[in-house]
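Visitor: The following block contains the structure, expressed as structure tokens.
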Amino acid sequence: GQSLEQPSEVTAVEGAIVQINCTYQTSGFYGLSWYQQHDGGAPTFLSYNALDGLEETGRFSSFLSRSDSYGYLLLQELQMKDSASYFCAGYNTDKLIFGTGTRLQVFP
Amino acid sequence: DAMVIQNPRYQVTQFGKPVTLSCSQTLNHNVMYWYQQKSSQAPKLLFHYYDKDFNNEADTPDNFQSRRPNTSFCFLDIRSPGLGDAAMYLCATSRDHLLGLADTDTQYFGPGTRLTVL
């Protein structure tokens with residue numbers, strides 16, 4: 001099968017660091033993207049890992065290990081505006097498959 | 001600014017009454033996608049166009065159709081909406097498809113159309 005699993009919910013406080021994990025089972029897989037989606041809004045692109053390793057973009061970093069079928073999104077210096085749903089999405093042979101999604105709640 | 005635009009943002013229709021959702025893009029991207037997203041779920045791909053080539057997902061109901069008259073526009077037609085079709089419908093574009101490169105494969109989403117079926 002083709003699936004990407006994420007924790008359903010993560011909570012943290014402002015200024016903290018949080019890691020959202022994504023484990024996947026798929027064949028013909030390459031590349032892992034992360035998208036942020038605020039309530040009622042559209043998914044917005046955060047990052048893309050075509051190769052194993054860490055990609056850093058400001059406060060956000062994303063990691064991929066294809067040998068472990070695992071990736072994560074790391075959010076640092078959390079802000080209230082980071083409260084949203086986060087989806088990992090894997091590129092398969094003919095489409096992008098979204099993970100189950102993680103709802104992040106940031107508290108003051 | 002280059003972007004993906006969806007109209008209308010909110011659409012109310014009656015059970016069984018055909019409805020059309022529209023998407024336009026100024027990015028000049030080759031690929032356009034339609035997703036259905038229900039509350040607290042991940043977006044589900046319905047179909048996509050690579051240029052004029054239509055690619056339907058195996059589990060997309062026949063009730064859903066799409067048209068892409070030109071590069072900029074793509075339409076989603078729901079022939080006989082049922083209560084279960086109430087959802088957010090997202091249009092997305094990408095410059096190309098499955099080349100394994102971020103700048104070609106990244107999908108850019110429109111704001112979505114929330115469909116209510118009465």
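Visitor: To the nearest 10 Å², what's A:Glu5's accessible area with a 1.4 Å probe?
Guide: So the heavy atoms of A:Glu5 present about 90 Å² to solvent.
Visitor: Give me the accessible area buried between chains B and A, both sides summed, with a 1.4 Å probe, in Å² rounded to the nearest 100. Write out the running numbers ahead of the final one.
Guide: Numbers: alone 6540 and 5680 Å², together 10680 Å².
Its buried surface, counting both partners, is about 1500 Å².
Visitor: Sticking with this one: Given a 1.4 angstrom probe, I'd like the percentage of the accessible area of chain B that is carbon and sulfur, rounded to a whole number.
Guide: On the way: 2870 of 5770 Å².
Carbon with sulfur: 50 percent of the solvent-accessible area.
Visitor: Please give every one of the aspartates and glutamates within straight-line cross-link reach of B:Lys44, meaning a C-alpha to C-alpha distance under 16 Å, and leave out same-chain neighbours fewer than 8 residues apart.
Guide: A:Glu5, A:Asp94, B:Glu57, B:Asp59, B:Asp62, B:Asp85
Visitor: Of B:Ser72, B:Ala58, B:Pro8, which is farthest on the positive side of the dipole of chain B, counting Cα position, with +1 on Lys and Arg Cβ, -1 on Asp and Glu Cβ, and the Cα centre as origin?
Guide: B:Pro8
Visitor: Still on this structure, please answer the following. Given a 1.4 Å probe and the protein chains all in place, what does the accessible area of A:Asp52 round to, in Å² to the nearest 10?
Guide: Ignoring ligands and nucleic acids, A:Asp52 comes out at about 80 Å².
Visitor: Quantify how strongly other chains surround peptide A:29-37 by giving the mean number of their Cβ atoms within 10 Å of each of its Cβ atoms. Intermediate values should be presented prior to the final figure.
Guide: Working: counts 0, 4, 6, 0, 4, 0, 5, 0, 6.
Mean partner shielding for this stretch: 3.
Visitor: Something else: Roughly how many debye, to the nearest 20, is the charge dipole of the protein assembly as shown about its Cα centre, given +1 on each Lys and Arg Cβ, -1 on each Asp and Glu Cβ, and no other charges?
Guide: Numbers: 15 positive and 22 negative charges, 157 e Å.
Around 760 debye, computed over the protein assembly as shown.
Visitor: Another question, if that's okay. Got a sec to turn the phi values of segment B:32-43 into Karplus ³J(HN,Hα) couplings, 6.51 cos²θ - 1.76 cosθ + 1.60 with θ = phi - 60°, whole Hz, x for Gly and Pro?
Guide: My calculation for segment B:32-43 gives 10, 10, 10, 10, 10, 10, 9, 3, 6, 10, 6, x Hz in order.
Visitor: In debye, nearest 20, what is the charge dipole magnitude of segment B:68-110 about its Cα centre with +1 on Lys and Arg Cβ and -1 on Asp and Glu Cβ, if you could check? Could you put the intermediate results ahead of the total?
Guide: On the way: 3 positive and 5 negative charges, 29 e Å.
Computed about the Cα centre, the dipole is about 140 debye.
Visitor: I need the phi-derived Karplus couplings for segment A:67-84: 6.51 cos²θ - 1.76 cosθ + 1.60, θ = phi - 60°, integer Hz, Gly and Pro marked x.
Guide: Each residue of segment A:67-84 in turn: 5, 9, 6, 8, x, 8, 10, 10, 10, 10, 6, 3, 10, 4, 5, 7, 5, 5 Hz.
Visitor: With a ≥ b ≥ c taken as the square roots of the eigenvalues of the C-alpha gyration tensor of the protein assembly as shown, please select rounded if a/c is under 1.5 and otherwise prolate if a/b is larger than b/c or oblate if it is not? Present the calculation step by step, with values, prior to reporting the outcome.
Guide: Details: a/c = 1.82, a/b = 1.44, b/c = 1.27.
The shape class here is prolate.
Visitor: Something else about it: Along segment B:61-71, what does the Karplus equation 6.51 cos²θ - 1.76 cosθ + 1.60 (θ = phi - 60°) give for ³J(HN,Hα), rounded to whole Hz, x for Gly and Pro?
Guide: x, 4, 4, 9, 10, 9, 9, 9, x, 7, 4
Visitor: Another question, then. To the nearest 20 debye, what is the magnitude of the charge dipole of chain A about its Cα centre, counting +1 on the Cβ of each Lys and Arg and -1 on the Cβ of each Asp and Glu? Could you put the intermediate results ahead of the total?
Guide: Values: 5 positive and 11 negative charges, 32 e Å.
Charge dipole, chain A, about its Cα centre: 160 debye, nearest 20.
The values are calculated or read from the model by the stated rules, or taken from the named source; none is laboratory data. As the structure is a computational prediction, the values presented were derived from the model and not from experiment. Quick reminder, even Gly has a Cβ in these numbers, built from the backbone with ideal geometry, and neighbours come from all protein chains shown. All accessible areas refer to the heavy atoms of the entire protein, side chains included, with ligands and DNA or RNA removed. Shrake-Rupley method; radii C 1.70, N 1.55, O 1.52, S 1.80 Å.
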